[in-house]
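Since the structure comes first, as C-alpha cells, the remarks are kept for the end.
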Amino acid sequence: MNGIKFAEPLFLYMLIVVPAMIVFYILKQQSVTASVRMPGLQPFAHTGTTFRHYLRHILFAVRMIAVTMFIIVLARPQKTDRYQDVSTEGIDIVLTQDISGSMLARDFKPDRLQAAKNIATEFISGRPYDRIGLVVFSGESFTQCPITTDHAVLINLLREIQSGMIEDGTAIGMGLATAVNRIKDSKAKSKVIILLTDGVNNRGEIAPATAAGIAKTFGIRVYTIGVGTQGTAPYPVQTPYGIQYQDMPVEIDEAILQDIAVTTGGKYFRATDNDKLTQVYKEIDNLEKSKIDVRQFSRKEEKYFFPALIAFFMLVFEIITRNTIFKNLT
C-alpha cells in the first residue's frame, strides 16, 4: 500500500486473529469424524468426492478476506503523500495596468501591452495562495477584476483588456487611487500594488503624489514599473493610409514613479524589453515571498472505502453461496 498510512494503526494488531482462525479451521477439518455408523462402506464405493466438496473451502477464504478488510477499515487507511506550501497569512496584490495607446509601441514583442499581459499572467500563476485584483487606466481608470483567489477568472479578464477600452491618456494618479481604494480595507498581512506605465501623467483629477500619500496612510506598498526602451520606439500613428508605426521619443516620468515607490516603501523598476520585464516581476515575487511565513502540511485523504466495499461484497457472496450452492455441505 504505497503512500498509505493508518490513522488508527493499533487496530492492525487484530490481524493476528486471521492466521489463528486459519490454523483452527485446518485442525477442525482434520478432526472431522462420521456421525453415522455403517456396517460397511461397500454401498458408497462408487460415489466419489464431488468437485463441490473441495470448493466449500472457498466460503472460509471469503470470510477471512472480509475480516481482513474490516480490520483495515477500522485502522483508517489514509493517503498522505501529497504536500503543499501554504501561506499562513497571504498577500493581497492589485495589478495596475496602463492601457493607453502608447502601450501598443513595438519595442516589446509583440507590443508593450501584450508583453505586460503575458508576463503578468505568469506572475499570477506563480502565486496560487494570494488574492490578486486588476485595475486598468489610461485617461480614466476602473477595476477590471476585484481582489480574488479565483485566478482563472482573473487571468481571463486580464487577457481581455486592450487599448481603447476607455478614453486615451495617462492618468497615473487616478489608476493608483483606484487600486488603493480596492485594497485599503484588506486584512492581509501585506498589501501591495504593482503599477505599470510607459508615460507621463497628463490626465486625471488626482496627482500621483497625492495617491501615493494615501497609499502610505493605509500601509500599502507600491512597486512601480516604467516600460519602454531608451531613446525612441516605434509608436502606432493613425494616418490617412491606416495605422503606421513611427519612431518617437520614449517619455517616462521616472521621477514621479520613483517618488511613489519611495513614499510607500516600494521600489521602482525600469524594463526596456520582455526579458527585463520578466526579471522585474520575478524580483517583486521574491521580495514579497520573503515577507510571509510559510508552513508545510500533508493533505490526508481517507482510503477506507475500497476495503469496506470488498468486505461487503465478500460477506454478501458468502451468504448467497452458503444458502444455495453449498447449502447441503455446510
(message) Take residue 115 and tell me if it is more than 24 Å from the chain's Cα centre (by Cα) and either within 17 Å of residue 313 (Cα to Cα) or modelled with pLDDT under 95 (or both).
(response) no
(request) Return yes when residue 63 is at pLDDT 85 or above and not polar (S, T, N, Q) and no when it is not. (result) yes
(message) Can you tell me which condition residue 215 does not meet? The list is (1) under 16 Å from residue 111 (Cα atoms); (2) outside any strand (DSSP E or B), and all the others hold.
(response) (1)
(request) Looking only at the stretch 247-264, decide whether some residue is assigned to a strand (DSSP E or B), in contact with a Phe, Trp or Tyr (Cβ under 7 Å, 6 or more places away or on another chain) and on the phi < 0 side of the Ramachandran plot. (result) yes
(request) Count, please, the residues in the stretch 139-150 that happen to be touching a helix residue (DSSP H, G or I) at 6+ places or on another chain (Cβ under 8 Å) and without any contact (Cβ under 8 Å) to a residue 60 or more places away in the chain. (result) 7
(message) Being assigned by TED's automatic domain parsing to the domain that holds residue 188, at pLDDT 95 or above and under 18 Å from residue 168 (Cβ atoms) narrows it down to one residue among 227, 222, 250, 262; which is it?
(response) 227
(message) Quick check on this structure: which one of 164, 173 is out of contact with any strand residue (DSSP E or B) (no Cβ under 8 Å at 6 or more places or on another chain), at positive phi and in the same structural domain as residue 237 (by TED's automatic domain parsing)?
(response) 164
(request) Return yes or no: is residue 199 within 24 Å of residue 283 (Cα to Cα), small (Gly, Ala, Ser) and part of a strand (DSSP E or B)? (result) no
(message) Condition (residue is surrounded by 22 or more Cβ atoms within 10 Å (Cβ to Cβ), more than 27 Å from the chain's Cα centre (by Cα) and among the charged types (D, E, K, R)) applied to the stretch 133-148: is it met by at least one residue?
(response) no
(message) When you scan the stretch 159-174, do you find a residue that is among the hydrophobic types (A, V, I, L, M, F, W, C), touching a residue at least 12 places away in the same chain (Cβ under 8 Å) and in a helix (DSSP H, G or I), even just one?
(response) yes
(message) Take the residues in the stretch 218-272 that are closer than 26 Å to residue 184 by Cβ and free of Cβ contacts under 8 Å to residues at least 24 places away in the same chain; name whichever of them is surrounded by the fewest Cβ atoms within 10 Å (Cβ to Cβ).
(response) 255
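The values are calculated or read from the model by the stated rules, or taken from the named source; none is laboratory data. In this text, all values refer to a predicted model and were calculated from it rather than measured experimentally. Don't worry about glycine lacking a Cβ; one is built from the backbone with ideal geometry, like all the others, and counts go over all protein chains shown.
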